[in-house]
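Just so it is clear, none of the values below were taken in a lab; they were calculated from the coordinates. None of these values were measured; they are calculated from a predicted model. Because the Cβ atoms are built from the backbone with ideal geometry, glycine has one as well, and the counts that use them run over all protein chains shown.
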Amino acid sequence: MSLRTKLFKQLFNFARKIDINYKTIVVDKKIFSKQVDIIKVITKELSSFIRDNLQYFNKFDNIIIYYDNGQIQLTKILIAIFGSFFGDNHEFRMAAPNNYKLFQVADLICTLTLIKNKLKSGKNLTNSEQKFFGSVSKLKKNYLKFLEKIEIAQN
């Protein structure tokens, strides 16, 4: 546990030092009975986010998407959306968590976002989460407050 805590804190401190902003799309799979409905929600959310922030994205000559090819449906969504918005001005690169610190930071942000959403829905921390973070107030103060600062708001 102490080694995991140390590694987590090092990665979190790295995330605090870099210039990064993020947007997460969270879909509760329990709400949808069909896979196609989940795909529609993700596609709509991502398209809307890019459209609302198109001016920001257009500042770049090329958009690079690091993805681990984890889910075929998500791969297809990313290819379609980035292709429709940016044409040939984007590229996909294979990402492996052990090779890219930013990929690890993204995973960290997703994990903390899921915990934040769990708390928002009225659920409690698990025993292992309590041991790891201490308490909900410490979690919010030490980690979730920072996430709020760097999250890109939907316009």
Practice item. Using the structure shown, decide if Asp19 is among the acidic types (Asp, Glu), under 27 Å from Phe146 (Cβ atoms) and surrounded by 10 or more Cβ atoms within 10 Å (Cβ to Cβ). Key: no
Review point. List, please: which pairs have Cβ atoms under 8 Å, are six or more places apart or on different chains, and start with a residue in region 59-74 that is on the phi > 0 side of the Ramachandran plot and end with one that is of a type outside the set (A, V, I, L, M)?
Key: Asn69/Thr75
Point to revise | Hits in region 76-113 (condition: hydroxyl-bearing (Ser, Thr, Tyr) and either in a helix (DSSP H, G or I) or closer than 17 Å to Leu46 by Cα (or both)) | key: Ser84, Thr111, Thr113
Practice item. Just name the residue that is farthest from Ile65 (Cα to Cα) out of those in region 108-132 that are surrounded by 14 or more Cβ atoms within 10 Å (Cβ to Cβ) and without any contact (Cβ under 8 Å) to a residue 12 or more places away in the chain. Key: Gln130
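Let's see how each residue does on (1) assigned to a helix (DSSP H, G or I); (2) surrounded by 10 or more Cβ atoms within 10 Å (Cβ to Cβ); (3) of a type outside the set (A, V, I, L, M):
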residue: Leu3; (1), (2), (3): yes, no, no
residue: Lys9; (1), (2), (3): yes, yes, yes
residue: Phe12; (1), (2), (3): yes, yes, yes
residue: Ala15; (1), (2), (3): yes, yes, no
residue: Ile25; (1), (2), (3): no, yes, no
residue: Asp28; (1), (2), (3): no, yes, yes
residue: Ile31; (1), (2), (3): no, no, no
residue: Asp37; (1), (2), (3): yes, yes, yes
residue: Lys40; (1), (2), (3): yes, yes, yes
